[in-house]
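The values are calculated or read from the model by the stated rules, or taken from the named source; none is laboratory data. Keep in mind that what you see is a predicted model, and the values were worked out from it rather than measured. Every residue, glycine as well, gets a Cβ built from its backbone with ideal geometry; the counts of neighbours run over all protein chains shown. Ligands, DNA and RNA are excluded from the accessible area calculation, which covers all protein heavy atoms including side chains. Shrake-Rupley method; radii C 1.70, N 1.55, O 1.52, S 1.80 Å.
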Amino acid sequence: MFDKILVANRGEIALRVIRAAREMGIHTVAVHSTADADAMHVRMADESVCIGPPPSSESYLSIPSIIAACEVTGAQAIHPGYGFLSENANFVQIVEDHGLTFIGPTAEHIRIMGDKITAKDTMKALGVPCVPGSDGGVPTLAEAKRLGEEIGYPVIIKATAGGGGRGMKVAQNATEMERAFMTARSEAKAAFGNDEVYIEKYLQTPRHIEIQVFGDGKGGAVHLGERDCSLQRRHQKVFEEAPGPCITAEERARIGKTCADAVAAINYAGAGTIEFLYEHGEFYFIEMNTRLQVEHPVTEAIFGVDLVQEQIRVAEGHPMSFTQDDLVINGHAIEVRINAEKLPEFSPRPGRITQFHTPGGLGVRMDSALYDGYTIPPYYDSLIGKLIVHGRDRNAALNRLNRALGELIVDGVDTTVPLFHALLQEPDIQTGNYNIHWLENWLLTNL
Ligand code: ADP
């Protein structure tokens with residue numbers, strides 16, 4: 001058992017981990033930059049250590065400072081949350097070299113899935129269906145053009161080191177290929193220091209369906225169904241739900257088993273998400289995230305599990321607390337991401353919160369690190385809270401979301417809350433009739 005863990009993150013996800021640990025009787029250490037000295041995660045943890053100046057590169061991404069914070073406080077394990085160092089294989093290696101435990105998968109699994117070409121090859125070999133595309137990296141424009149003809153336009157050029165929706169370009173035809181290929185490469189080089197790209201068939205009207213998996217690291221694994229995260233802006237999710245409105249129980253059981261078997265076969269440990277595009281009844285693997293996802297609470301709501309406590313338990317070497325048969329879906333859950341951003345351009349709006357009131361009542365969960373008088377610093381991402389609702393069915397969840405959004409008060413900064421009020425009025429949202437392009441198209445004429 002761990003006595004003390006260090007949370008290498010900030011904001012709502014740091015709170016999420018601290019809460020899980022406290023319920024397990026585990027002490028917590030928060031780390032923070034000088035800009036976050038009065039942040040909620042620092043107040044809520046048992047201890048805190050300042051690890052550097054405001055820029056993430058000198059604080060939340062500073063591996064030596066985080067290791068030193070563990071040594072000073074005697075923390076035995078590190079939970080990375082999402083973002084920052086959560087998918088950094090090098091960090092995991094260093095953590096282990098210092099005799100500490102990383103609460104997550106092995107460095108090797110993170111490395112495999114962090115390189116999207118290797119990830120796709122691995123998944124294909126494990127029987128997971130993939131998007132048709134190039135076999136590995138595409139080094140030259142001539143090769144890219146040949147593949148465009150072979151796969152059939154439109155195609156998408158993607159960075160093998162990609163993430164956060166960057167380094168992706170669509171080519172509708174051979175003429176567009178030159179520009180798309182060159183831009184994708186230079187964006188990939190600038191963003192990830194690696195200009196290797198690969199090519200996939202561009203699916204025109206898919207939904208984004210992801211499967212939550214969980215492994216014990218010893219060849220045991222389960223799936224916790226799907227989340228539909230098709231409502232995206234610039235490839236970033238804004239509204240997520242579980243179960244997916246268009247996925248049948250048979251489809252869930254089939255793709256879920258494929259995913260659970262795949263991660264069991266590699267002895268995967270902890271939480272993971274296998275992302276698919278879903279079109280005309282077929283699943284196409286796009287990537288695997290080897291960490292807790294922002295949208296994990298919708299899965300927790302419908303299965304009644306605590307994924308963070310489960311991560312900690314497995315990292316301690318215990319077996320998982322549930323089997324596949326224990327995991328039965330109850331109702332429907334929706335999460336909306338509340339960002340400090342000004343609509344319609346979604347420009348970041350850090351600043352002082354003059355009033356904050358969270359909604360409550362049956363089936364409502366608000367994960368947020370805000371408080372009255374808190375000043376959102378300008379250095380980090382604009383996510384300030386996640387509102388998660390759970391109801392007996394999708395319609396009940398939608399009504400509950402509408403009610404909860406009405407109770408929420410965030411004064412002092414602009415937020416994305418008005419977007420969700422507007423979306424709830426849309427017949428397509430009410431019926432679940434949307435794909436990955438729906439929101440971008442809607443935004444063109446509605447905000
Ligand atoms: P990242 O790691 O940068 O988020 P992903 O591979 O997860 O990149 O893709 C992010 C989003 O980009 C997907 O949810 C989807 O909207 C779009 N996308 C990716 N690959 C394809 C494809 N082959 N066809 C159509 N859209 C795609």
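The condition of being more than 20 Å from the chain's Cα centre (by Cα) and polar (S, T, N, Q) does not hold for Thr299. Taken together, the residues in segment 76-127 that are part of a loop (DSSP other than H, G, I, E, B) and hydrophobic (A, V, I, L, M, F, W, C) amount to 5. Of the candidates Glu196, Glu187, the single residue that is farther than 26 Å from Glu282 by Cα and in contact (Cβ under 8 Å) with a residue 60 or more places away in the chain is Glu196. Looking across Thr140, Thr205, Thr160, Thr183, one residue alone is over 27 Å from Asn435 (Cα atoms) and among the hydroxyl-bearing types (Ser, Thr, Tyr). It is Thr140.
Return a yes/no flag: does segment 117-140 have any residue that is within 23 Å of Gly83 (Cβ to Cβ), in contact with a helix residue (DSSP H, G or I) (Cβ under 9 Å, 6 or more places away or on another chain), within 11 Å of the ligand (Cβ to nearest atom) and modelled with pLDDT of 95 or more. Scanning segment 117-140, I find at least one residue that is within 23 Å of Gly83 (Cβ to Cβ), in contact with a helix residue (DSSP H, G or I) (Cβ under 9 Å, 6 or more places away or on another chain), within 11 Å of the ligand (Cβ to nearest atom) and modelled with pLDDT of 95 or more, so the answer is yes.
For (1) free of Cβ contacts under 8 Å to residues at least 12 places away in the same chain; (2) of a type outside the set (Lys, Arg); (3) open to solvent by 30 Å² or more (accessible area, probe 1.4 Å), each residue gets a yes or a no:
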position	(1), (2), (3)
Ala119	no, yes, no
Leu126	no, yes, yes
Cys130	no, yes, no
Thr140	yes, yes, yes
Ala144	no, yes, no
Gly152	no, yes, no
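For segment 296-308, the count of residues that are of a type in the set (S, T, N, Q) and open to solvent by less than 10 Å² (accessible area, probe 1.4 Å) is at least one.
Of all strands (runs of 3 or more DSSP E) completely enclosed by segment 328-447, which ones contain at least 2 residues that are open to solvent by less than 20 Å² (accessible area, probe 1.4 Å), closer than 19 Å to Met40 by Cα and more than 16 Å from the ligand (Cβ to nearest atom)?
Because the criterion is at least 2 residues that are open to solvent by less than 20 Å² (accessible area, probe 1.4 Å), closer than 19 Å to Met40 by Cα and more than 16 Å from the ligand (Cβ to nearest atom), the strands (runs of 3 or more DSSP E) in segment 328-447 that meet it are 364-368, 383-391.
For the structure I just gave you, tell me whether Ser65 is within 16 Å of the ligand (Cβ to nearest atom) and either more than 16 Å from Ala188 (Cβ to Cβ) or not aromatic (Phe, Trp, Tyr) (or both). Taking the combined requirement at face value, the residue does not satisfy it. Among the residues of this structure, Gly148 does not count as one that is open to solvent by less than 20 Å² (accessible area, probe 1.4 Å), assigned to a loop (DSSP other than H, G, I, E, B) and not hydrophobic (A, V, I, L, M, F, W, C).
When segment 103-112 is examined, which residues are found to be in contact with a helix residue (DSSP H, G or I) (Cβ under 6 Å, 6 or more places away or on another chain) and either at pLDDT below 95 or open to solvent by 10 Å² or more (accessible area, probe 1.4 Å) (or both)? Arg111, Ile112, listed by residue number.
Filtering segment 28-66 to residues that are open to solvent by 10 Å² or more (accessible area, probe 1.4 Å), in a helix (DSSP H, G or I) and over 23 Å from Gly373 (Cα atoms) leaves Ser56, Ser57, Glu58, Ile63, Pro64, Ser65.
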